[in-house]
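Here is the structure we will look at, set down as structure tokens.
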Amino acid sequence: MAGFLGRNSKIRDDKNDAEIASKPTSPNINQSRAFSLSNSPLLKPVELLTDSIHHFSLSRNKKKRRNSLKSTNTESISEVVSYKSKTPSIGQVSEYDTLPSVNSTYNDNGRYSKIGAQSPYLSPYMNNIKMDSPVSPASLSPVIPSSPVNNAMASFIGVNSNNKDEADDNEKTISYNYRQSISNYLENCKQTLFEKTDFNSSDGIYKWEEDAENRSIEYVLSLFLNYRFSLEWENEKRKIQKAKENKQSLINDGTSIKVNFKIMEAKDLVCKEKSLRSTFCELIYDNDTYQTQVVQNTNTPLFNQHIALEIKDISKNSSKSFWKSSSTHQPGGNDSTFLGTVNVNLGLIISNIVSVGYFSKWYDLVPSNDKKKKWVGGKIKIEIDMIEEEKLEDKEIEVPEIQGLAYEYDQIQLNILKSKMSLKRLYFYLLRACYTYEKDYLEKMVLKSSSTKYQDEKEQDEDTHALSSVFLSQDGETVLNVFQRLWVIGDAESTLLRLEVIYNLYRDNKVTISNLLTMYDIIYNSLKEPQWLPTYERPHFIDLLDDMHNYQKTQVCYYRDFFHNNEPRGALQIAILLWRMISKNKIYRESKRNLPDTFRQEIRSELKTCAAKRYDLLKSKSTPFQESAECELTSVINLINLIVNDLEDNEKYYKKAFSREANITKLTAKVYIEKFLTEFINIKKYLQAPEALQYSDVAFNLFNELLYLEDYYKKTVPSLKNIFINRSSETIGNESIIEAYFYPFIQKWLHDLDKQTSEWVEKSIAEDDYQNNTIYNIQHSSSIVKLFDMIYNELNFIKDLRWNNLYQYQSFLLTFSKTINKTIDQYCELIKEGEIKSSPKEKSDNQVYIVSNDTCTKLCNIEVAQLKLADIYREINELIKENYITDEESMDDINNSVVSGIFLLQIFSGENLTPCNNDGFSNPYVVIRIPGSPDNMDNKGRNNEKDDYGKEKLSTENNDNVAIGSVDFNRGRLVAKSSVVHDTLNPIWDETFQVSICPTTSLDIKVYNKNSNFLIENEVCGTGTIKLSSIYNNHQTHDIWVELEPQGRVLVRLTKMGNSENLEFHLKQATHHLKRCRDDFVRAIVNRMVPYMRIVLYKMIKDQEAVQSMVTATGQNVLDPISMLECETSLAPLTRYLNKNLQTLCLGLSPKMAKIVITKIWCEVLIIIENIMIPQLFGPIEKDRKMLNPRQLAVIDNAFKILYSFFHADGQGMGLSTDLLEHGSKYKSIIHLLTIYSEPPINIQKEFETFPDREYLLKIIRLHAHLSTNPTIKLKLTQWLDKSIRSQRI
């Protein structure tokens, strides 16, 4: 047995590279496939074929596709490619040849014609689809285009294998212009070199680089086109025929033939589980045995070794191969294990090699009769090719031809044969070149057609519509037909290659997706024919479908990037259709077991995945550059805007395209909101951060955007409404996540705003220029506008919250009402300064008070504030459907008449107090006590009330300053004591005390006159009692007018302190603040005008007083009447003064407020006139007080009439009505006084007995008693007066 030993190849290329790295070889030879040989002269190394010739792919990821093809368990098939002849005869075809399908011949009226049946995928869904082509005008063609030329269609659809068609193909030609232009196009375009995968052997690329000087693809195609469609083709046909005859003569003459018998590789060897074999092969031919080297530790050994055999009798010769495993590194050991055998019929194979060039096939390892069968199994790959030996004498006689086109063609053909170039790949390049050429040709035609000259020609030129379908022009189809038969490309292979070319052109944006759909639909219809797709083409078809499936899936899932605004029209629908057709393809689904059951499930799953990635992209776009809480919240706002924009685009542009498979808006919206909610929790920490109030604007903007997002979902995707509702088991009811996160922040913001109110109000008043504006027909200034703008902004903010939790919502309104109350109170206090609190002493006030415009504006501001506050109160009541927040005080406290607790007690002012000084004035101050009771006194008569610590409280009254005249009053607990206001009967104290009132039903009040002599007791000006009731427990501020005895009254304000949680409380309190402020302003205006009015009227009466016996200072007799003109002249200063002030009031105030002030002034005039005529009922009477003479009474009567007429103003304009002028007891008392003033006391006494309610009659009697010089009469009058006063009190 002739043995051989040599270094076999390793399993992987990288190992081969490592083994032969040091071997010097030619640089153009694949060193990784070189082997060092043993001493045997019979064996030579064989270059490894990465795969058989029919396994090839045009995928961009060649490595991945190659791996997938290697893993395919293909049946015993072989691809035979002829390099010298176009198609073998029927008699020469073996079972391994590639033949056209039996059903592959179609006539011109086949299913691809214009009237042919369409794919069910195209009807009815796609029949009406129209597309805007971004590439060529051909896109306006229908989805299934017609063939430009019937002959081209026939050649494209099928290849006829009869001799007549073969003869026709040999005679076919193309136009000179087409051949010349495409040849020039190939020469001028970018030259592309062949790749490693374009060859059927691993070292083919290196042989091509060495022998063919690495000629480019475009060069080879141009050469083939120029040669095949030239005159030299006739010479080539003769050469081909001669070569056929020479090879056939070798067989017919019985001449021996030399062949290379190549043992390539094996796979699927049988062995123990998780074990590897070291294998070798024995070849037995003609009683000689040859052995390969041992391939260590693999179940897929790669040998790549061959031996030259001389076949002498092809009819009888056969060879046998045995596969064995060995535990040693040397073949043929005793421990070898039989793995299987293969019988090869060399005679039949060589008969076919004469025609096709070489043979390649996988054989199954079968058992042998004399060997054990335990480990038999697997496959072996064997290749055989013919060794042609030229006779020496032929070489010597042959004369080298001139190197021309034919010579170059022969050399390229020879190099293609030697390098084992894949003709299928070459045909693919030819297809791509023809399509690309005609595409560029069309673009040039479109450019020319822009002029009117070429418009008509374009409509008549059928070639311009070539790429409107998958067909080329007539010349282009002829080129493809000729080379398809020349290179023995089956109709299925040709169709698949066309699909791949059009698919690649589509990916390069050179054709429209409708062309790709048309091509795939042709294949779809062809697959309906039995056995149309050969078994060996299935891997290529599956790989192509997998690539198209992935690309269409990518296009559809990332539709925004590929089809912006769903342009071109209809393209996205076609992409979805293609994806569906591929996914439902039976062959593809059989190879992809992991596909979902339905296409709808698949597309929805992929769209959800891509929507999640799209969300991550949007989030990355909105991610801030700086890490801060404000930036993070801003990024969430930007993210919401991006989400809404995406969903709006889906609804506007893409919803219809996806309508058959899914609601793209709903699907995307659901994915977006799920991911958004998982990350939404992160904003909680930013809202609860201490510095959150610094970026409150951003936080509220985020809140509004969240509400907008929620509204958008409710409107667009109703099934996903309430997206921010937390339905977890930990929450009670449906709690809003937004509300849960923002409630603490909003409360904090409202409280902070309440703290800033004081500063803000002070600033608004300081900036107020008191320039009049008008609202509610009332003039006002800017401060009140700014004040309520702030209030309304806050109210509108609360209204826009749309808060679901009513309890929390009312807490916002409650905090808001507290802010309103505080703001109004502070505003009222600030505008009082300079108007009320700085009231000068009446006695020393020599400056005439003039009502200013600022005063009127401030009073108008208060009136506007009242109206605006009423509007706010009304709006808040509309917001509250049910009161969820009540007072902290119990109903028992409200209904209890006993009052206790902490109160704010304000001693504000007094009116018409009893004069105690000789000048007719007093120096009043107020003392308020809780009345004493025997239960509250110890045995020593002291108040035994205890303080908070349980200790007895002592009276804090300064006994040095206050002389208590009443033992009961003295026993009471001191509550408050005011300061002293000097020389006035109408004092303004405006002092507030925080007092603790023990349970009681009343408060005692006394007004004392501060005596200038420290040793003399302070005289009581008046006493009174405040009757308390349950109403004072409601935390509101109450104005209490305490009537004093013997005369006068004091204004006390009482407010119970405590945190009332009643919303209405704070708004009512703010209303009371405004009302009190308004009344205080009116009172201040009038009180400041009273001194001057009193001076004028007193002077007017004083001037008519008798200086000496019945004669005035002006020499007028007191009994003489006084004319109205004289009175008007004397009263002119007062009328001018009143006219000036009233004019200011009428112009500066609203009509309503002006009448209130004017009426108050009129009442003060009546009081002054009464005080001129009669003294007070109590207190000392002025020393200079005298009875008025007739002339003085006439002056008072005339002055009274003049002033009545002045304030009435004939009932026009701002004049007071007679009802207002005559309303009240003062007016009637003055009228009555003028009639009875001169009556004797006895008559007045009788009058009083008839009308005991007329107190002014007692004052006249007191005046008579005071001025009487008769002691008896004086005593009687005094006694009668005391008796009448006592009876009146009773």
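Those helices (runs of 4 or more DSSP H) of region 1136-1222 in which at least 1 residues are among the aliphatic types (A, V, I, L, M), under 29 Å from Gly1022 (Cα atoms) and in contact (Cβ under 8 Å) with a residue 40 or more places away in the chain, considering only elements entirely within it, cover 1151-1173. Could you please give the count of residues in region 349-370 that are at pLDDT 75 or above, open to solvent by 30 Å² or more (accessible area, probe 1.4 Å) and outside any strand (DSSP E or B)? Counting residues in region 349-370 that are at pLDDT 75 or above, open to solvent by 30 Å² or more (accessible area, probe 1.4 Å) and outside any strand (DSSP E or B) gives 2.
Determine, yes or no, whether Ser1205 is of a type in the set (Gly, Ala, Ser) and open to solvent by 50 Å² or more (accessible area, probe 1.4 Å). For Ser1205, the condition - of a type in the set (Gly, Ala, Ser) and open to solvent by 50 Å² or more (accessible area, probe 1.4 Å) - is met. Of the residues making up region 687-719, those that are under 30 Å from Gln756 (Cβ atoms) and open to solvent by 50 Å² or more (accessible area, probe 1.4 Å) are Gln688, Pro690, Glu691, Gln694, Asp697, Asn701, Asn704, Tyr708.
Looking only at residues that are in a loop (DSSP other than H, G, I, E, B) and open to solvent by 10 Å² or more (accessible area, probe 1.4 Å) in region 810-841, which one is nearest to Thr992 (Cα to Cα)?
Here the answer is Lys837.
Might you check whether a residue that is of a type in the set (A, V, I, L, M), open to solvent by less than 60 Å² (accessible area, probe 1.4 Å), modelled with pLDDT of 85 or more and under 28 Å from Phe483 (Cα atoms) occurs anywhere in region 222-244? Yes, region 222-244 contains at least one residue that is of a type in the set (A, V, I, L, M), open to solvent by less than 60 Å² (accessible area, probe 1.4 Å), modelled with pLDDT of 85 or more and under 28 Å from Phe483 (Cα atoms).
So which residues in region 194-217 are touching a Ser or Thr at 6+ places or on another chain (Cβ under 8 Å), of a type in the set (Asp, Glu) and either open to solvent by 20 Å² or more (accessible area, probe 1.4 Å) or free of Cβ contacts under 8 Å to residues at least 40 places away in the same chain (or both), if there are any at all? Correct list: Glu210, Asp211. Considering (1) under 29 Å from Leu1188 (Cβ atoms); (2) out of contact with any strand residue (DSSP E or B) (no Cβ under 8 Å at 6 or more places or on another chain); (3) modelled with pLDDT under 90, the lone condition that Leu1147 does not fulfil carries the number (1). Taking the criterion of being modelled with pLDDT of 85 or more and over 17 Å from Ala976 (Cα atoms), the only residue of region 1022-1043 that qualifies is Glu1043. Scan region 1071-1086 for residues that are acidic (Asp, Glu) and surrounded by fewer than 21 Cβ atoms within 10 Å (Cβ to Cβ) and the total you get is 1. Screening Ser781 on (1) surrounded by fewer than 21 Cβ atoms within 10 Å (Cβ to Cβ); (2) of a type in the set (S, T, N, Q); (3) closer than 18 Å to Ile862 by Cβ shows it passes everything except condition (1).
Would you call Ala1113 of a type outside the set (Phe, Trp, Tyr) and within 30 Å of Lys1027 (Cα to Cα)? Against the criterion (of a type outside the set (Phe, Trp, Tyr) and within 30 Å of Lys1027 (Cα to Cα)), Ala1113 does not qualify. Scoring Phe562 on the criteria (1) within 26 Å of Glu648 (Cα to Cα); (2) open to solvent by less than 30 Å² (accessible area, probe 1.4 Å) leaves a single failure, condition (2).
Identify the residue in region 565-582 that is over 18 Å from Asp521 (Cα atoms) and part of a helix (DSSP H, G or I) and, among all such residues, is least open to solvent (accessible area, probe 1.4 Å). Checked region 565-582; the qualifying residue least open to solvent (accessible area, probe 1.4 Å) is Asn566. Pairs are defined by a Cβ separation below 6 Å, a sequence spacing of at least 6 or placement on different chains, a first member in region 1023-1048 that is without any contact (Cβ under 8 Å) to a residue 60 or more places away in the chain, and a second member that is in a loop (DSSP other than H, G, I, E, B) and surrounded by 20 or more Cβ atoms within 10 Å (Cβ to Cβ); the pairs so defined are Gly1024/Leu1044. Applying the condition of being under 22 Å from Arg593 (Cα atoms) and among the acidic types (Asp, Glu) to region 506-557 and asking which residue is least open to solvent (accessible area, probe 1.4 Å) yields Glu537. Would you point out the residue of region 171-186, among those that are among the β-branched types (Val, Ile, Thr) and not in a helix (DSSP H, G or I), that is modelled with the lowest pLDDT? Among them, the one singled out is Thr173. When region 784-809 is examined, which residues are found to be open to solvent by less than 10 Å² (accessible area, probe 1.4 Å) and either assigned to a helix (DSSP H, G or I) or modelled with pLDDT of 85 or more (or both)? Selection gives Ile784, Leu787, Phe788, Ile791, Glu794, Leu795, Ile798. When region 1235-1245 is limited to residues that are part of a helix (DSSP H, G or I) and loosely packed, with under 12 Cβ neighbours inside 10 Å, the one that is farthest from the chain's Cα centre (by Cα) turns out to be Ile1242.
Examine region 1191-1203 for a residue that is over 22 Å from Phe1081 (Cα atoms) and in contact with a Pro (Cβ under 9 Å, 6 or more places away or on another chain), and state whether such a residue exists.
Looking for residues that are over 22 Å from Phe1081 (Cα atoms) and in contact with a Pro (Cβ under 9 Å, 6 or more places away or on another chain), one finds at least one in region 1191-1203, hence yes.
Only one of the listed residues (Glu1043, Glu991, Glu1019) is surrounded by 18 or more Cβ atoms within 10 Å (Cβ to Cβ) and among the acidic types (Asp, Glu). That residue is Glu1019. Among helices (runs of 4 or more DSSP H) entirely within region 583-686, having at least 2 residues that are of a type in the set (A, V, I, L, M, F, W, C) and buried (at least 18 other Cβ atoms within 10 Å of the Cβ) singles out 599-622, 629-649, 664-680. Taking (1) free of Cβ contacts under 8 Å to residues at least 40 places away in the same chain; (2) of a type outside the set (Gly, Ala, Ser); (3) surrounded by fewer than 17 Cβ atoms within 10 Å (Cβ to Cβ) in turn, Lys1068 satisfies each apart from (3).
The values are calculated or read from the model by the stated rules, or taken from the named source; none is laboratory data. Being a predicted model, the structure only gives us computed values, none of them experimental. Heads up, the Cβs are rebuilt from the backbone with ideal geometry, glycines too, and the neighbour counts pull from every protein chain shown. Remember, those area values only see protein heavy atoms, side chains included, never the ligands or the DNA or RNA. Shrake-Rupley method; radii C 1.70, N 1.55, O 1.52, S 1.80 Å.
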